[in-house]
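Just below is one structure, and these are the notes that go with it.
Taken together, the values in this text are just the output of simple stated rules run on the coordinates, not laboratory data. Keep in mind that this is a model prediction, so the values were computed, not measured. Cβ atoms come from the backbone with ideal geometry, glycine included; neighbour counts cover every protein chain shown.
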Amino acid sequence: MNSKTFFALLEDAVVSSDKDAYVEEWAISNVFEPGKNAPIAIYDEIVHDLDNIWDIAHITFKELLSRAEITMTECSTRFCIPFRTIQDWCAGRRTPPRYIILTIAEIVGVLNIEIE
């Protein structure tokens with residue numbers, strides 16, 4: 001998936017409150033054109049990617065750290081983010097910029113989508 005498609009899908013996921021409707025709408029759209037004779041595994045991969053995009057669009061920072069299995073201290077050290085900022089994001093007192101969530105999710109393997 002190219003980055004332009006990924007960010008369009010992500011923007012829509014952010015404003016979509018119904019995961020199933022989001023996945024269904026995009027899975028049958030013309031954004032993905034695997035072709036008539038494409039193996040079913042291609043469609044499974046599309047649904048998996050859409051699920052993952054929606055999850056990342058709605059994940060809290062605390063959930064991200066939990067899924068990545070890293071502590072607040074490890075996150076602070078590894079990504080050079082002040083510990084107090086990490087605490088505020090995890091407590092919900094502040095919200096991290098979306099690019100921080102995407103960057104950390106990609107680096108720690110929570111974002112399992114190949115972006116060209």
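Rounded to two decimals, the Cα radius of gyration of region 60-116 over 2.2 N^0.38 Å is 1.06. Temperature 10 °C, viscosity 1.306 mPa s: under these conditions the Stokes-Einstein estimate for the chain, based on its Kirkwood radius over C-alpha pairs, is 104 µm² per second. Extents of region 1-58, taken as max minus min of Cα coordinates on every principal axis and listed largest first, are 33, 22, 16 Å. Here the relative contact order of the chain, from alpha carbon pairs under 8 Å that lie six or more residues apart, stands at 33 percent. Using the charge dipole of the chain (Lys, Arg: +1 at Cβ; Asp, Glu: -1 at Cβ; taken about the Cα centre), state which of Trp26, Thr85, Ala68 has its Cα farthest towards the positive end. Ranked along the dipole, the leading option is Thr85. For the chain, leaving out every one of the trypsin sites (Lys or Arg not before Pro) that falls in a DSSP loop and has at most 15 other Cβ atoms within 10 Å, the longest unbroken run is 37-92. Counting only other residues whose beta carbon sits under 11 Å from that of Ile59, what net charge do I get with K and R as +1, D and E as -1? Net local charge, Ile59 excluded: +1.
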